[in-house]
1. For region A:145-169, give me each residue that is free of Cβ contacts under 8 Å to residues at least 60 places away in the same chain and either assigned to a strand (DSSP E or B) or of a type in the set (Phe, Trp, Tyr) (or both).
2. Let me confirm something: among B:Gly140, B:Gly121, B:Gly126, B:Gly173, which residue is within 14 Å of chain A (Cβ to nearest Cβ) and either out of contact with any helix residue (DSSP H, G or I) (no Cβ under 8 Å at 6 or more places or on another chain) or among the small types (Gly, Ala, Ser) (or both)?
3. Filter region B:236-264 for residues that are closer than 17 Å to B:Ala186 by Cα and of a type in the set (Gly, Ala, Ser); which is surrounded by the most Cβ atoms within 10 Å (Cβ to Cβ)?
4. Run B:Gly11 past the list (1) at pLDDT below 95; (2) surrounded by fewer than 17 Cβ atoms within 10 Å (Cβ to Cβ) and report the number of the one that doesn't hold.
5. Among what's in region B:162-179 and is of a type outside the set (A, V, I, L, M, F, W, C) and crowded, with 24+ Cβ neighbours inside 10 Å, pick the residue that is nearest to B:Ser221 (Cα to Cα).
6. Taking the condition within 30 Å of B:Asn113 (Cα to Cα) and either within 14 Å of chain A (Cβ to nearest Cβ) or in a helix (DSSP H, G or I) (or both), does B:Arg211 pass?
7. Of all residues in region A:80-118, which are under 25 Å from A:Ile4 (Cβ atoms), among the small types (Gly, Ala, Ser) and surrounded by fewer than 18 Cβ atoms within 10 Å (Cβ to Cβ)?
There are 2 protein chains.
Amino acid sequence: MGEILVGIDLGGTNVKVGCFDSALKLIDKASAATEADMGPEAVVERIGRTTDNLLAINNLPVDSLAAAGIGAPGPARLDEGIIIASPNMPLFKNVPLRKMLSQRLHAPVVLENDANAACWGEFVLGAGKDINNMVFFTLGTGIGGGIITDDKLVHGSADNAAELGHIIIYPDGRKCACGQRGCVEAYASADSTARRAVEAIEAGAESSLKRVLDEKGRITSKDVYEHLAAGDELAKQITDGTAKALGLVCINMLHSTEPGRIVFAGGMIAAGDVLLNRIKDFFDEQIWSLKKETVEITFATLGEDAGIIGAAALAKKAKDERRM
Amino acid sequence: MGEILVGIDLGGTNVKVGCFDSALKLIDKASAATEADMGPEAVVERIGRTTDNLLAINNLPVDSLAAAGIGAPGPARLDEGIIIASPNMPLFKNVPLRKMLSQRLHAPVVLENDANAACWGEFVLGAGKDINNMVFFTLGTGIGGGIITDDKLVHGSADNAAELGHIIIYPDGRKCACGQRGCVEAYASADSTARRAVEAIEAGAESSLKRVLDEKGRITSKDVYEHLAAGDELAKQITDGTAKALGLVCINMLHSTEPGRIVFAGGMIAAGDVLLNRIKDFFDEQIWSLKKETVEITFATLGEDAGIIGAAALAKKAKDERRM
């Protein structure tokens with residue numbers, strides 16, 4: 001048994017694999033199409049081959065692998081290593097992913113929720129490495145979350161804690177894909193941000209984004225931020241809607257687990273300081289005056305590697321604590 | 001050093017003291033006026049005398065006291081045992097309460113936030129004794145909270161976690177005493193429930209509560225529930241407003257730390273099943289359809305003793321873990 005750690009970030013479209021030394025230094029990484037429609041066995045085999053290749057091209061023998069961690073989407077029973085279901089991988093129902101992957105890799109595996117794994121990566125080596133209490137949001141197609149209290153991931157009573165995208169901020173508000181109304185995800189995810197822009201244009205709002213919609217038939221959150229930078233008024237209003245929703249959920253999380261830092265990750269943070277500063281503005285405007293709050297609101301620092309780093313770090317932790 | 005544990009529940013008006021055997025069985029309890037306007041030294045002396053008397057009338061020698069716990073209101077630095085400030089005790093500013101009390105009682109003392117202490121009491125011996133993850137609300141003048149994850153109280157980055165009354169459920173909504181708008185406390189505390197009834201009557205609503213307001217010059221939440229039981233339509237609307245706010249905050253806490261049980265305590269739970277069932281109704285109506293949730297929403301079972309039980313249990317825990 002060697003000292004190499006592998007971190008895997010399983011997404012509905014792509015799966016990323018990273019190999020790390022025992023100090024969690026990235027040696028190399030690779031990515032492959034998940035091809036989730038081929039079923040769990042095929043996906044596990046693809047992860048296996050990607051890992052084998054990664055070890056081989058770095059001259060690492062197969063038995064150098066000490067342990068692996070995998071972050072996967074959807075509800076799971078983490079202790080049992082089972083994926084219950086996954087919205088973007090319909091064939092993954094009650095899949096014993098940990099056991100399957102452990103047999104394929106000939107190494108112990110730890111299973112974690114994908115947002116939690118990325119949260120742990122940022123906590124250990126990124127935006128949260130110097131604190132003990134953190135809240136983490138990924139702003140992508142949806143909004144994922146992670147909570148760390150006293151240096152530990154909060155898993156909750158059934159491993160589904162930190163579904164922070166589904167905190168309701170506007171009761172009876174916009175319909176969310178989850179069935180609730182007024183979720184923060186229905187306002188502030190990349191998809192919802194773009195959708196609110198489309199709805200406003202379709203309702204007659206003036207905007208330079210109208211040409212994008214006419215030409216491409218769609219608008220992305222990236223379009224919104226590009227037109228914001230160019231001074232478009234609608235893009236500003238849409239961004240403010242996103243930032244207010246995120247400022248509100250920061251307040252609510254502060255009053256819940258009181259993180260020392262709140263970290264935003266995901267594609268949408270490419271918008272940069274213009275988004276971050278507006279989130280802070282709305283936080284400051286709406287927070288209580290009972291006492292001065294010092295929570296820091298920041299962007300993640302590890303980029304797309306947070307998931308593989310976190311998964312590898314969780315494997316290392318489980319191994320160090322002799323839980324695998 | 002004996003085996004007796006003392007639990008103290010310090011309020012702005014009264015202070016309650018209970019003495020317990022080493023198995024946390026209540027031996028006897030007493031209550032005294034806090035007289036907070038006499039200052040911290042006088043309050044500590046009153047707690048000391050109340051404790052002395054309680055031990056004496058139960059034939060327990062002074063040196064039978066093993067440890068004491070105290071739950072106190074307002075922001076604190078728990079590790080240092082210091083009360084930073086307390087809204088109802090203006091003279092309590094940066095008071096080293098733990099040290100003062102320890103010197104007076106000649107025993108080690110542990111300091112905790114009052115809502116957290118009551119939460120811990122319910123968790124150890126009350127409504128949460130068979131679970132590992134719990135969220136707790138006290139519905140009184142304001143709304144206090146407590147969060148337990150994996151059998152531990154969540155304290156946050158600066159000992160001010162679980163200020164659950166100040167979770168914003170209606171952005172830009174009713175003004176809260178804390179300076180925010182739309183806090184759950186501004187809708188669903190005993191005071192806010194009564195105030196919403198008064199406002200509705202003053203705005204011209206028909207209600208049997210109008211006579212109460214005319215005769216007494218005020219309405220309490222107790223009045224609202226009595227008139228609800230008698231079939232008053234406004235009392236029903238006001239109760240629904242309280243229940244919807246609490247149902248929303250239950251959803252938000254479920255998506256945060258995912259408790260197995262959510263427990264409501266405080267004077268207002270005297271309203272009984274009519275309130276509890278409406279909270280559950282609104283939770284069921286507004287919760288996502290992504291998966292079936294099994295969180296239980298219940299009332300506390302220890303009544304007014306939760307605070308002294310929790311404080312004594314925290315003293316026992318600190319002693320058992322050799323932290324005092």
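1. Answer for region A:145-169, where residues must be free of Cβ contacts under 8 Å to residues at least 60 places away in the same chain and either assigned to a strand (DSSP E or B) or of a type in the set (Phe, Trp, Tyr) (or both): A:Gly145, A:Gly146, A:Lys152, A:Leu153, A:Ile168.
2. B:Gly173
3. Applying the filter and picking the extreme gives B:Ala245.
4. B:Gly11 satisfies every listed condition except (2).
5. Checking each candidate, the answer is B:Gly165.
6. No; evaluated as a whole, the condition is false for this residue.
7. The answer is none; no residue qualifies.
Results for (1) over 20 Å from A:Ile83 (Cβ atoms); (2) of a type in the set (Ser, Thr, Tyr), shown as yes or no for each residue.
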site: A:His106; (1), (2): yes, no
site: A:Val110; (1), (2): no, no
site: A:Ala115; (1), (2): no, no
site: A:Val135; (1), (2): yes, no
site: A:Leu139; (1), (2): yes, no
site: A:Gly173; (1), (2): yes, no
site: A:Cys183; (1), (2): yes, no
site: A:Ser192; (1), (2): yes, yes
site: A:Ala197; (1), (2): yes, no
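The values are calculated or read from the model by the stated rules, or taken from the named source; none is laboratory data. Fair warning: this is a prediction, and the values are worked out from it, not measured in the lab. Positions of Cβ are backbone-derived with ideal geometry, glycine not excepted, and every protein chain shown enters the neighbour counts.
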